[in-house]
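Here is the structure we will look at, set down as structure tokens.
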Amino acid sequence: MNNIVKKQKYAAVLDNYASDILSFETFKEQKKYIQHGKISVYEHEILVAMTCLAIVDKFDIKVDKRSLVRGALLHDYFLYDWHDDDPSHRLHGFTHAERALMNASNDFELNDIEKDMIYCHMFPLNISRVPKYNESLILCVADKISALKETIANIYLKIVKYTV
Ligand SMILES: [Fe+2]
Ligand SMILES: [Fe+2]
């Protein structure tokens, strides 16, 4: 299966389990917040959810796919631009998971797996928040892979811009 077919397959899974989240206005507003480089928080959450599905496929891990997708989509639902020079964003790395959980709980019905996924996704930076479920651990890994890819893509774009 090539990458385009895989992406279409994962996009269909996202639609199947989380069309309410994807069509929710506040969720779509995250398109205006930058996560890494030129990637918005909205795009990052979709990429992370797809990476979670790719990990599950690759290693044939038994998970609750609906929770996996929904927790991944909402893991960075903190709803502000963390690049803003606002003193309250200074500890973003340590505080945004809690903020995302609060916002996601206000807007959606979350189960225990989804809550744990969002709350613990910054492990091991937040060393005290050890993930309790496979879904949370998979999200931790997928989030780091996506962040690395987004950062490398940004560096690549900067080099191309500088050299061409
Ligand atoms: Fe995060
Ligand atoms: Fe993230």
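Okay, here's what the table says:
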read-out	value
Inter-label distance for Ser19 and Lys7, nm, one decimal - labels placed 7 Å from Cα along Cα-to-Cβ	2.2
Point-to-point label distance, Ile61-Ala147, nm (Cα→Cβ direction, 7 Å offset)	1.7
Low-density loop positions, GluC sites (Glu not before Pro), segment 72-164 - DSSP coil, at most 14 other Cβ in 10 Å	Glu109
In sequence order, calculated HN-Hα J values of segment 58-65 (Karplus, 6.51, -1.76, 1.60; Hz; x Gly/Pro)	4, 9, 6, 8, 7, 9, 8, 5
Convex hull per residue volume in Å³, alpha carbons only, for segment 3-163	126
Rounded if a/c under 1.5, otherwise prolate or oblate - segment 1-76, Cα gyration tensor axes	prolate
Additional length obtainable on full extension of the chain from Met102 to Asn126, 0.36 nm per residue less Cα span	6.9 nm
Derived scalar couplings ³J(HN,Hα) [segment 96-103; Karplus, 6.51 cos²θ - 1.76 cosθ + 1.60; whole Hz; x for Gly, Pro]	6, 5, 5, 5, 4, 5, 5, 5
Projected label distance in nm at Asp112 and Asp85, using a 7 Å step from Cα toward the beta-carbon	4.6
Cross-link pairs beyond the 21 Å C-alpha cut-off, checked among Lys6/Lys132; Lys9/Lys32; Lys9/Lys58	Lys6/Lys132; Lys9/Lys32
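FYI, it's all coordinate maths here, none of it is from the lab. A quick note: this is a predicted structure, and the numbers were derived from the prediction, not measured. Don't worry about glycine lacking a Cβ; one is built from the backbone with ideal geometry, like all the others, and counts go over all protein chains shown.
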